[in-house]
Structures are given as C-alpha cells and as structure tokens.
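To keep things clear, I will list the structure first and then write my remarks on it.
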Amino acid sequence: MGKRAGVGGIAVFRPSVNATAIERGCEAEAVPLLSAPSRSGLGLAATRLFLGVVPPALLVLLVVARYLTGTKLGFDYKPLWDASRHVLHGASPYPRPEALIDEHQFVYPPLAAFLFAPLAALPFAVAAPLLAVVELAATGLTLRVLGVRDWRCYGIVLLWYPVLQNFLLGSITSLLALGLAVVWRYRDSRRAAPVTLATLIAAKIFLWPLLVWLGASRRWLVGVRALGLAISGVFLSWALIGFAGLGSYLRLLDELSRLEQWKSYSAVALGMAVGLTGGESRALALAACALVLLAIVLVQRRGREDADRQAFVLAIAAAFFFSPIVWTHYLALLVVPIAITRPKLSPIWFVPLAMWASYGQSNGHFWRVALGFSIWAVVLAASLRPAWRFPAFRRRVALPSAPLRAEGAYAAHRRGG
C-alpha cells in the first residue's frame, strides 16, 4: 500500500498493485513479458559494430593483405629511413634535382632525418612496423589532447582512408596532427608551443602560416621563439652534414612540385585539372593563401569570443592552399579542426570517409581532384563557421517504459480495460 498526503493533511492510502496483478486476483508482481529489441537497442548494437569492431578488424586485414601481397609497410618511410642513415654518416640525403623522378625520394629539411635517426639504427623490416604503431598511437593521442572523450570519434577516424594510408605508408602526417593539437592546447605556453611549432615547421615548411596566427593573436613571444628555433634547427641540422644539398634545395622543391602537383588534391592540382597552366594555378593558390592570411588578422582584430579558434582553423586552411602538393594522407590533419570544433560525433566526422571513392593519387582526373579538394575545403569551412551547426549524434539508451500509476491501472480495471 502507498501513502501520501491528501486534502487537509489527511493520509490517503492508494493501492500499489498493477493492472495485471489485479486481473489475476492477487497482489503479486507481474512477470515481465519478452519483447522485440527496440530501435535504440539495435542502433546501439550497430554503432558498436561499425565504430568499435570494424575499425580494428579493417586495420588488421589491410596489414595482413599488404604482407601477403609482398607490399609490406612503410613505402613512404623508406626514403626517410635511408636519409636518416645518410645524415648519421655526414652524407647528403638529397638527390640531384635533375635526377628526381618521383616522390619516393627524400625532400624534407635535414632536421626530419635527424629526428627519426633512432629508428634508422634498426633494420627497415623492424623500423617500419614500429613507426606504424607510433603513428596509430599519435592518432589516438591527438584526439585525447584535444579533449575528445566520445569513443565513437576514435572509431570513425580509424575508418578514414587518409589515416589508414598514413599508417600503411609510414608518412608522418599523424605526428604532424599531434603536433598541431599540442600547439593549440598549449598555445599560451612559452615552452611547449614554440618548441612544438618549430619542429613542425622545420619538418614541413608549408605549416608556416601558424606563425601568422600567433602574431595576429598577440602571442608575439611564442611566435618569435618558434621561428627562431625553427631556423636554428634547420641551420644546425644542415651544418652537421656540411650544408650538403643546401644550394640546390629550392630547385629540388620546385622540380618536385612540377612533377607531382598535378596528381595531388591541392588547389594547384584543381587549377591544372580545369585547364590552367602550372604557373597560373600556383599564382591563384598563393593568392587564395594570402586572402586567408588576411582573414586571420581581420578575425583576430574583431576580437570575438571564438576568434582564436577561427584564426587557428584559417591558419590550417592557409597551409593547405600554400602547399602545391596535397597527398591523400595530408587530409589526416583534418582531425584537428574537427575535434576542436565538435568533440562529439556529428556528421562532419563522416565527411573524410568520401576519400574512399578516390583513394591514392588523383592522377589529374578532374572529378578525383575536385573530390579531394572539396573534402578538405568543406571540413575547414564547416569548422570555421559557428553558424554551421551540425547536430551531435547522441548515444541513445534504452530506458524501461514507465510503470502504470496504481490509480490509473485500478481505474482501467474498473472500466474493464
């Protein structure tokens, strides 16, 4: 029996039996009936399968397939591994510009070769899988550093073709993404931010627009330190190999761009796909980069509450426009602006999945170039605009249906319901 206060403070007793028990003529608890799985239960099961089971299974399958076909891991890492062994002996890691035939040659600043020198002490068959594990861990750490706690985001990122390609080929993009995450989280630190950003710029020069973001946000000391450390790191690393390859380095980069830019997913590749010359496409891409850099300054001057995040996303966009070559694995960097803007699963996390339609290089095909370009442009634009609100996919939890109120069940019984 239940008791509650009635009118005038008089205690009123109401029966606490349910309708099923009354119909049976007893007050015993009714046995719950079996029912079909609810939609929310099926949705939760599907989510766990698609984002919890499929990503690791796919990862293992791809690794096994590569070894069975004799491809193995670390295609892009091999030039870096060779370069690390060269610089340890004081030799030049660079080919002659006229001997450059494809992207499978070392073209990073020499500091990158020194940073990966510890792995060069190992046989390549050991170093490549070890780097793959490091890259995989870097992807998870990137999300962790940016405060992403939704496990589904970790699962969907491991389904991105750019992330998987980076893992399989041994590129360093996942490490660059981790560096960007550290720079953003510790952007006011006078130690962590300058050292990390200096390493990023010294390894991949196209990330220099982040210095403009620091200057526009009045973090002058952090920016100056980062620039100074980057220049010092590049200078010292080149000095250790007797400045070998320094005189022809810019010509090497120019020759690499001429050979490879047309089959990537950059703004330059898009211009060439529509019929522009390489020079015209490069000029338009640099003009777009300049406009984005100007936007960084204007956004920071307006001083809105979200200006710093918007300026940071714009700096990443400027880096994409500046680079004449944007390979598929470059799109793994998009995890940073997405995680900063929407740390819970939402439709924007699924956009990079479209790269499965154009995996590998674009080879100059317009639709493939346009697809890759559109993916990074749309993601960066959506991360930039606060008005573009994507609804978060909330975790649906199946709740038991509320029991009938005793008085309602009793009334239904009296009506013969």
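The values are calculated or read from the model by the stated rules, or taken from the named source; none is laboratory data. Since the model is a prediction, treat every value here as computed from it, not as a measurement. Backbone-built Cβ (ideal geometry, glycine too); neighbour counts: all protein chains shown. We work out accessible area using only protein heavy atoms, side chains counted, and drop any ligands, DNA or RNA first. Shrake-Rupley method; radii C 1.70, N 1.55, O 1.52, S 1.80 Å.
The table below gives the values:
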read-out: Accessible-area order (highest first, 1.4 angstrom probe) of the listed residues 294, 345; value: 294, 345
read-out: Two-site label geometry, residue 220 and residue 133: point separation in nm, points 7 Å out along Cα→Cβ; value: 4.7
read-out: Segment residue 276-residue 122, length gained on full extension (0.36 nm per residue, minus Cα span); value: 50.9 nm
read-out: Centroid-to-centroid separation of the stretch 310-358 and the stretch 230-249 [C-alpha atoms, Å]; value: 31
read-out: Tail weight of P(r) past 15 Å, computed on alpha-carbon pairs of the stretch 321-365, percent; value: 52
read-out: Inter-part distance where the stretch 127-156 and the stretch 189-210 are each reduced to a Cα centre, Å; value: 20
read-out: Heavy-atom accessible surface of the stretch 176-296: percent carbon and sulfur, 1.4 Å; value: 67
read-out: Heavy atoms of residue 322: accessible area, 1.4 Å probe, square angstrom to 10; value: 50
read-out: Burial order of peptide ranges 85-91, 273-279, 375-381 (average beta-carbon count within 10 Å, highest first); value: 375-381, 85-91, 273-279
read-out: Contour minus Cα-Cα distance for residue 50 and residue 253 (0.36 nm per residue); value: 68.9 nm
read-out: Förster radius 51 Å - calculated FRET efficiency between residue 151 and residue 104 (Cβ-Cβ, nearest 0.05); value: 0.90
read-out: Simple label model, 7 Å out from Cα along Cβ direction - residue 192 to residue 96, nm; value: 4.8
read-out: Probe 1.4 Å - accessible area at residue 47, Å² to nearest ten; value: 40
read-out: Two-site FRET efficiency, residue 357 against residue 239, from Cβ-Cβ distance with R₀ of 56 Å, rounded to 0.05; value: 0.75
read-out: Karplus (6.51, -1.76, 1.60) ³J(HN,Hα), θ = phi - 60°, over the stretch 64-70, in Hz, Gly and Pro reported as x; value: 4, 4, 5, 6, 5, 8, x
read-out: Portion, in percent, of the accessible area of the stretch 50-162 that falls on carbon or sulfur, probe 1.4 Å; value: 70
read-out: With all protein chains modelled, accessible area of residue 344 [1.4 Å, Å²]; value: 140
read-out: Positive-end residue of 56, 100, 41, charge dipole of the stretch 36-129 with Cβ unit charges; value: 41
